[in-house]
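K.L.:
Below is a structure I'd like to ask you about.
The values are calculated or read from the model by the stated rules, or taken from the named source; none is laboratory data. Predicted, not measured: the structure shown is a model, and the values here were computed from it. Cβ: placed from backbone, ideal geometry, glycine included. Neighbour counts: every protein chain shown.
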Amino acid sequence: MQHTHSRLENLLGVLALALADQMTQATATAAGQGGGAPAALVQIADYPDLTIEELRRRIGLTHSAAVRLVDRLAARGLVLRSRDQADARTARLRLTAPGMTQADAVLTARSKAIATIVRRLPLSRRRALESLLDEMLMDMPSTSEHGTRLCRLCCLRDCPADRCPVELRYQELLSQGR
């Protein structure tokens, strides 16, 4: 069997998996629940009045899975549903005060998980890495929906829309109807 993979691909793959594993564990612990719960809390915090349909697109769940997730979060007192004024069949989602606290805890846990890896680099190399990541992420989203899923655990305060490569690509795709 001939291997044509480069060492760079292997190292980047290992880093991606290690970071994903650390983030998944840390955010699930902070949310008190794994699966889509951490991302749901962050998305509802950032976009109050999301519908279940909008939420499911942002976190990559089926409609029925999103309904069950919201049911669990509501049962824990983290999410409130209210009926949409224009369409009574549609529920709008908001976080309760404990839900906001939990969403902040998720973002803090995510940040700490990433920091354990990134802080090993001196500041100048972190800035260089940020620049490289801007370039690499610029064309990453293939559809507008994919773009929203990529940023499902992002802290919007730290990455303004006018500087986020994923958001800029998302806007481009949206304008193209993709």
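K.L.:
Would you mind stating whether D134 is touching a Pro at 6+ places or on another chain (Cβ under 7 Å), surrounded by fewer than 17 Cβ atoms within 10 Å (Cβ to Cβ) and modelled with pLDDT of 85 or more? Walk me through how you get there before you give the answer.
P.N.:
Working: touching a Pro at 6+ places or on another chain (Cβ under 7 Å): yes; surrounded by fewer than 17 Cβ atoms within 10 Å (Cβ to Cβ): yes; modelled with pLDDT of 85 or more: yes.
When the stated conditions are applied, D134 passes them.
Residue-wise test of (1) within 19 Å of L150 (Cα to Cα); (2) of a type in the set (A, V, I, L, M, F, W, C); (3) part of a loop (DSSP other than H, G, I, E, B); (4) modelled with pLDDT of 95 or more.
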position	(1), (2), (3), (4)
D71	no, no, no, yes
R89	no, no, yes, no
P98	no, no, no, yes
T116	no, no, no, no
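K.L.:
Same structure, new question: Out of the residues in the range 78-121 that are touching a helix residue (DSSP H, G or I) at 6+ places or on another chain (Cβ under 9 Å) and farther than 25 Å from R157 by Cβ, state the one that is surrounded by the most Cβ atoms within 10 Å (Cβ to Cβ).
P.N.:
So, considering only residues that are touching a helix residue (DSSP H, G or I) at 6+ places or on another chain (Cβ under 9 Å) and farther than 25 Å from R157 by Cβ, the one surrounded by the most Cβ atoms within 10 Å (Cβ to Cβ) is A91.
K.L.:
Give all pairs with beta carbons closer than 8 Å in which a residue from the range 111-133 that is free of Cβ contacts under 8 Å to residues at least 24 places away in the same chain meets a residue that is surrounded by 12 or more Cβ atoms within 10 Å (Cβ to Cβ) and in a loop (DSSP other than H, G, I, E, B); count only pairs at least 6 apart in sequence or on separate chains.
P.N.:
Every condition considered, the pairs that remain are L129/L121.
K.L.:
Against the definition (surrounded by 16 or more Cβ atoms within 10 Å (Cβ to Cβ) and touching a helix residue (DSSP H, G or I) at 6+ places or on another chain (Cβ under 6 Å)), how does A74 come out, yes or no?
P.N.:
No.
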